Each structure stands twice: as structure tokens, then as C-alpha cells.
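First the structure, in the form of C-alpha cells, and then the observations on it.
The values are calculated or read from the model by the stated rules, or taken from the named source; none is laboratory data. All values derive from a computational prediction rather than experimental measurement. Don't worry about glycine lacking a Cβ; one is built from the backbone with ideal geometry, like all the others, and counts go over all protein chains shown.
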Amino acid sequence: MRRQPFGRTGPTVPVIGQGTWYLDEGEPTVAAAALRRGLDVGMSHVDTAEMYGEAEPLIAEAIGDRRDEVFLVSKVLPGHASRRGTVEACERSLKRLRTDRLDCYLLHWRGPHPLEETFAAFEDLVRAGKILSWGVSNFDADDLDEALAVAGPDRIACNQVLYHLEERAIEHSVLPWCRRHGVAVVAYSPFGHDSFPGPATPGGRVLAEIAESHDATPRQVALAALTRGDGVLTIPKASSPAHAAENAGGGSLTLSEAEFARIDAAFPRGPEPRQLPML
């Protein structure tokens, strides 16, 4: 499994992690088994949020006494992100996750509270040892400019954003900004939202042909393509242990420049949108 730094001053983490959005909608025992299998095959970065229903307690059950293996991330809802509200939300997440600290804590998206308040709360939590780093999610380049002005250099660990082969908007401004400033990019929904290109589509055929030449799967090819560059990580959700193992395989798959060129031609990034897409 390839690894990338989590921000300029953070640890290295596997390029493929584990997302947990909608995890609580499946059978809990299967979901927990998928998370544990993910840890077994090297996907130690586990991402969740207070918004994700019962995902946090499920993660607590799944990781059990393996907490020290996990790079654990959660998020505060924008409506809770005042200085006091952020601290209280973090403490609730810690309780649900049955842990004493988060490796990173994110503002889920821009909301009504000033960034100064939210970031001050993050720094309070760092000093208290309840979080080890912090970052943002769904921030466009102009949001990141504002965040940097408030936080100063080397404080924002990551920006978690929507990124998949059919939605490459971040490549215009957000990804270059993050690389310039040492901010990790964490791609959520890397297979799209129930919209992964099927084998009958032109793009799906390209993925299938490349996958066949590597004894891999189209989803593994997609993950390898998304994480090809510096500072890009991704957090697919797995619905079963077998799916978790498949996802992990994308982190060790090496594609050629010619294969990347075929993928880029099949999935052009398109023009830069006026607003950053998000789910």
C-alpha cells in the first residue's frame, strides 16, 4: 500500500482509507467485519462524522482494542461549529467512538460561524490533547485562502472534497492550492454516488481493459488513477470484507503513463465550475 503525508507536518497514511458515510444503513456485523478487514489489509485511515448517524459507535465496536492502529478522523457539523459548540461536538464524538483523541478533526463545510471561532476551538482541542490535527472539508480555493489567513501556515492538515473520475473539478484550483500549501487532499465518494461507470459505457470499457491487463478490477484502477499524484488520499466505503480487500488493492496498483493518458481521455475534467461540487 502506497502512503502519503497527511499534511505538511502530519504522519504518512495509506493512500486508500475507509469511508463510513451510510455505513450504518447495512447489517452492523457485516459493516464491522468490513472495517476490521480493511485494517487487516492496511487501510488504517478511518473517516467518519457526527452527521453519519450510528457510524461512530459502529466504528468503536469494530476497532475495539486496535485503536492505536487507526488514523481516526471525524467532523463537526457547521451548525455546531462555534468555539464552544465545536468542543462539545468533539467530546460527543469521542464518547461515541470510545477513544480519548482524534487524529484529525474537520469542519464538514462552511456554515454560519466565523472560521476564527471554529479554528480557535480546534486549537483548544489540540492543546487539550483531544485532537492531534485539524482540517476542513468541501472548501474551494477562495475558502482555503480565507482559512489560511485565519489559521496561518502549516495548521490546516487536509481538505476533504468530492473527487472521482467523472467529477474532477478540484484539479483546476483546489488541488494545486493544496499542493502549494502542503495540505493533504482527501477524496470522498471516489466511485461517484451510486454512479460508477459500468462496462457498457465508453469510460467503463477503458477501465475494464486496463484492469484486465493488471489482473485487477475497474474500481482498483479508478482508485490508482485518483491517487496518482502527491498529497492525494481517498476514502471509499466498503459494504463487505471482500469489498474492503478489493479497495485496498488499488493502493498498490501501478499504472503506466500511457494508461493514465487513456483514463484522462475517457474521463475529461471539463471546465472549472463556478462553485465546488459537493455531496
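Summary table below
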quantity: Wholly within segment 136-236, helices (runs of 4 or more DSSP H) carrying at least 3 residues that are surrounded by fewer than 24 Cβ atoms within 10 Å (Cβ to Cβ) and over 21 Å from the mean Cα position of the chain (by Cα); calculated: 141-151, 202-213
quantity: Leu39 touching an Asp or Glu at 6+ places or on another chain (Cβ under 9 Å), aliphatic (A, V, I, L, M) and either at pLDDT below 95 or surrounded by fewer than 22 Cβ atoms within 10 Å (Cβ to Cβ) (or both); calculated: yes
quantity: Qualifying residue in segment 97-104 (condition: assigned to a helix (DSSP H, G or I) and modelled with pLDDT of 95 or more); calculated: yes
quantity: Pairs where the first residue, in segment 248-274, is within 25 Å of Pro14 (Cα to Cα) and the second is of a type in the set (A, V, I, L, M) and surrounded by fewer than 18 Cβ atoms within 10 Å (Cβ to Cβ), C-beta under 7 Å, 6+ apart; calculated: Ala248/Met1; Gly251/Met1; Ser252/Met1
quantity: Answer from Arg110, Arg67 - the residue that is assigned to a loop (DSSP other than H, G, I, E, B), at negative phi, under 19 Å from the mean Cα position of the chain (by Cα) and basic (Lys, Arg); calculated: Arg110
quantity: Filtered residue count, segment 9-32, keeping only those that are in contact with an Asp or Glu (Cβ under 9 Å, 6 or more places away or on another chain), over 25 Å from Gly231 (Cα atoms) and among the aliphatic types (A, V, I, L, M); calculated: 3
quantity: Counted residues, segment 154-180 - those being touching a residue at least 40 places away in the same chain (Cβ under 8 Å) and either farther than 21 Å from Gly270 by Cα or among the hydroxyl-bearing types (Ser, Thr, Tyr) (or both); calculated: 6
quantity: Residue in segment 68-82 that is farthest from Val161 (Cα to Cα), counting only those that are surrounded by 18 or more Cβ atoms within 10 Å (Cβ to Cβ), out of contact with any Phe, Trp or Tyr (no Cβ under 9 Å at 6 or more places or on another chain) and of a type outside the set (Val, Ile, Thr); calculated: Ser82
quantity: Count of residues meeting criterion [outside any loop (DSSP other than H, G, I, E, B) and in contact (Cβ under 8 Å) with a residue 12 or more places away in the chain] in segment 26-47; calculated: 14
quantity: Where Ala245 falls short, out of the listed (1) surrounded by 14 or more Cβ atoms within 10 Å (Cβ to Cβ); (2) without any contact (Cβ under 8 Å) to a residue 60 or more places away in the chain; calculated: (2)
